[in-house]
Number of protein chains: 2
Amino acid sequence: MKKKSTKKSELAIIKHISNIFGFPADSPVIKGIGDDCAVLRKDDKSCFLVTTDTLVEGVHFDLGWHPPFLLGRKTGAVNISDIAAMGGHPRFALLSMAFPGSAPAWLDDFLAGFYAILQQYGTLLVGGDTVKSSNDLSISVTIIGEAAENSICYRSGAVKGDLVFVSGFLGDAAAGLALCQSGLSNQGLGQWQQLFKAHLDPEPHVQLGKMLAESGLVHAMIDISDGLATDLAHICAESGTGAEIFKKDLPVSEQLTAAAGKLEKPVLDWVLKGGEDYQLLFTVSPDHEEDLYNLVIEKNKPGIFCIGKIIEDPGVFLLDSLNREEVSFQGYDHFTAAKS
Amino acid sequence: MKKKSTKKSELAIIKHISNIFGFPADSPVIKGIGDDCAVLRKDDKSCFLVTTDTLVEGVHFDLGWHPPFLLGRKTGAVNISDIAAMGGHPRFALLSMAFPGSAPAWLDDFLAGFYAILQQYGTLLVGGDTVKSSNDLSISVTIIGEAAENSICYRSGAVKGDLVFVSGFLGDAAAGLALCQSGLSNQGLGQWQQLFKAHLDPEPHVQLGKMLAESGLVHAMIDISDGLATDLAHICAESGTGAEIFKKDLPVSEQLTAAAGKLEKPVLDWVLKGGEDYQLLFTVSPDHEEDLYNLVIEKNKPGIFCIGKIIEDPGVFLLDSLNREEVSFQGYDHFTAAKS
């Protein structure tokens, strides 16, 4: 389903578009292309966050193993996650679908799942469009969120010395995808339940994102959609920094380790390069490390993990006791992704 | 490129989605699915208008004759037209593209055209997404516009006795498409320039839409994207009325008449059922007919044409001296459209 790549194709195209389209000085656009969402001034205090994403069957999902209800949930979740990554709350959604032939039989289940995730996060479907395609089934979603202007977290705020945190296990979604590709989803959820859920039905971290943003402790934040190696490189590129991540500190689930054994795959590939975990990745000054842990404990949130630090020199490096290897942008590239 | 159909597939799907997703009483959603745009409260006085649309190669456009620069313009224009149809001003755009293989060579020209139309109407590109598709090239655009809440024109305001107006010639875009399909675009623009432009490079009527909305004279408005027979039926369905249109009053260009002769096609099919003219279609009380003409003359706008009237009984009827024929929803259906 997906091919890892060191190419920066999607990044290159987005940068190219971003360079063509500039903003006038008096623009209400606080942030355009180049973060998880565009940030548009709403009033004196608050902003709208806007994000759009397209999923194509055979590239981004496979109905062979993806139940339509869960696909509907995931289609909403991956966009809501972009709002969460800036500390906002999702408010409105637009859904645009293109399918060949007539409306598929599973459309009702898909819509029920899409509705379920929107309702779970207080988001309203306000617009839509259905068109006929030539061959592909594709789904485009736009989500409009809201946040207080002074609490929004951008990719660009990381500072040398910051600690790098993630909100949970890495690589579970990639492992779940590999299990589905191996046909193991046909045997029921069983021992791989957590991995299947990570791939089929990921949860966006809206409450955590909002709490982190409103705490004022976070310098930079992104959600992990393209894999740690790529998404941390996005933070570094936008912040004019680099980062070191410590192999021993990467949070790896027991199920992932077992699945890697079963499928004879290297654990690190999934953890470092696997996309679609939708964990939050963020940086905090070491002076506020304790405040951060206290905040997380106080609010009874799931654990967070410190996995590295921000450095001055560019590039994302993976460190163990013997090696220091550059891994920048080695995650999943939605543009060069292809059927496997 | 397109197939006329009496099926209500797209309408049926949108209504289905609309029925599933309701709004709570305290919602900031003033209008959800079922008009040209969703209307979201921004502040005490103004609203955001949001619209999204997907175009698929081979269904909605053909690069065999559509120059990429003009396709870029049109991709923006058809969405901006939805904002114009409610009397708003387009502010922000998001562009999401899916293509098989690597980025196409014509992407720069396409983006230049998209930029040109956005700039022409003061619209800023704030977000985007590029992904790989399996087979199809598809383009999704979301436009966010703005309007004063008390001036927004909906489809639902038509009243029995209202006069029905259009902002210009009907069917030119369908005639232009037919000429392109016949291979005549290869012979240069020549005598069909106006028809080719209507198909390849339509202009959204932003200023006229805003002026009409702010005048307070208009009861209901829509842009003609699916053909007069379908778009007037949308106004009637949302307003709980019907309409009669007078064949002799339909504005038909000389070039269209000539093209119909050349291609041996019936004029009326293009005029009544041809989509993508992006003219504004609106209703005004007969008491204000003179005010409307005075307004249009005063502002030095292109002509408008009175083509019919709103009636109590449901259905859209075409009248000539001999017949009264129902034509509701006989226009272009983006969902059932297929390659020809």
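Values as computed for the structure displayed
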read-out	value
Per-residue mean of C-beta atoms belonging to partner chains within 10 Å, peptide B:48-59	6
For A:PHE69, B:PHE165, order by how many other beta-carbon atoms lie within 10 Å, fewest first	A:PHE69, B:PHE165
Cleavage-rule hits, GluC sites (Glu not before Pro), the range B:244-275, DSSP coil, Cβ neighbours within 10 Å at most 16	B:GLU264
DSSP bridge pairs, the range A:89-182: antiparallel proportion in percent, nearest 5	55 percent
The range B:126-198 and the range A:142-161: distance between their alpha carbon centers, rounded to Å	36 Å
Beta bridge orientation in the protein assembly as shown: antiparallel %, DSSP, nearest 5	75 percent
Aspartates and glutamates with Cα under 19 Å of A:LYS299, excluding same-chain neighbours fewer than 8 positions away	A:GLU203, A:GLU214, A:GLU289, A:GLU290, A:ASP291
Sorted peptide list for A:284-292, B:126-134, criterion being average Cβ within 10 angstrom, highest first	B:126-134, A:284-292
Least to most buried among A:ILE80, B:ILE310 (fewest other Cβ within 10 Å first)	B:ILE310, A:ILE80
The protein assembly as shown, dipole about Cα centre (Lys/Arg Cβ +1, Asp/Glu Cβ -1), debye to the nearest 20	1140 debye
Copies compared at B:GLU254 - label distances in nm, ascending, label defined 7 Å from Cα in the Cβ direction	8.5
Inter-copy label distances at B:ASP43 (7 Å, Cα→Cβ; nm, one decimal)	0.8
Within straight-line cross-link reach of B:LYS247, aspartates and glutamates at Cα separation under 17 Å, skipping those fewer than 8 residues along the same chain	B:ASP172, B:ASP231, B:ASP269, B:ASP320, B:GLU325, B:GLU326
Using a 7 Å Cα-to-Cβ projection, A:ASP287 label spacings across copies, nm, ascending	6.9
Cβ-based charge dipole, the range A:155-326, positive-most Cα from A:LEU322, A:PHE305, A:GLY261	A:GLY261
Sorted largest first, extent of the range A:155-326 alpha carbons per principal axis (Å)	48, 37, 25
Fewest-first sequence of A:ARG73, B:ARG41, B:ARG324, B:ARG91 by Cβ atoms within 10 Å of each Cβ	B:ARG324, B:ARG41, B:ARG91, A:ARG73
Radius ratio Rg over Rh of chain B, counting only Cα atoms, Kirkwood formula for Rh	0.95
Partner chain coverage, peptide A:80-92 - average Cβ within 10 angstrom	1
Cross-link pairs beyond the 22 Å C-alpha cut-off, checked among B:LYS132/B:LYS197; A:LYS42/A:LYS74; A:LYS74/A:LYS273; A:LYS132/B:LYS265; B:LYS31/B:LYS210	B:LYS132/B:LYS197; A:LYS42/A:LYS74; A:LYS132/B:LYS265
Those GluC sites (Glu not before Pro) in the range B:137-234 that DSSP places in a loop and that have at most 11 other beta carbons within 10 Å	none
Dipole in debye (nearest 20) - chain B, about Cα centre, beta carbon charges: Lys, Arg +1; Asp, Glu -1	620 debye
Cα gyration tensor shape for the protein assembly as shown, rounded if a/c is under 1.5, else prolate or oblate	prolate
Nearest-20 debye value, the range A:127-262 charge dipole, Cβ charges on Lys, Arg, Asp, Glu	380 debye
Dipole of the range B:9-151 [Lys/Arg +1, Asp/Glu -1 at C-beta], most positive-end residue of B:THR130, B:TRP106, B:GLY87	B:GLY87
Percent of beta bridges antiparallel (DSSP, the range B:155-326, rounded to nearest 5)	80 percent
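Laboratory data are not the source of any read-out in this text; all were calculated from the coordinates shown. Computed from a predicted structure; not experimentally measured. Glycine gets a Cβ as well: all are built from the backbone with ideal geometry, and neighbour counts include every protein chain shown.
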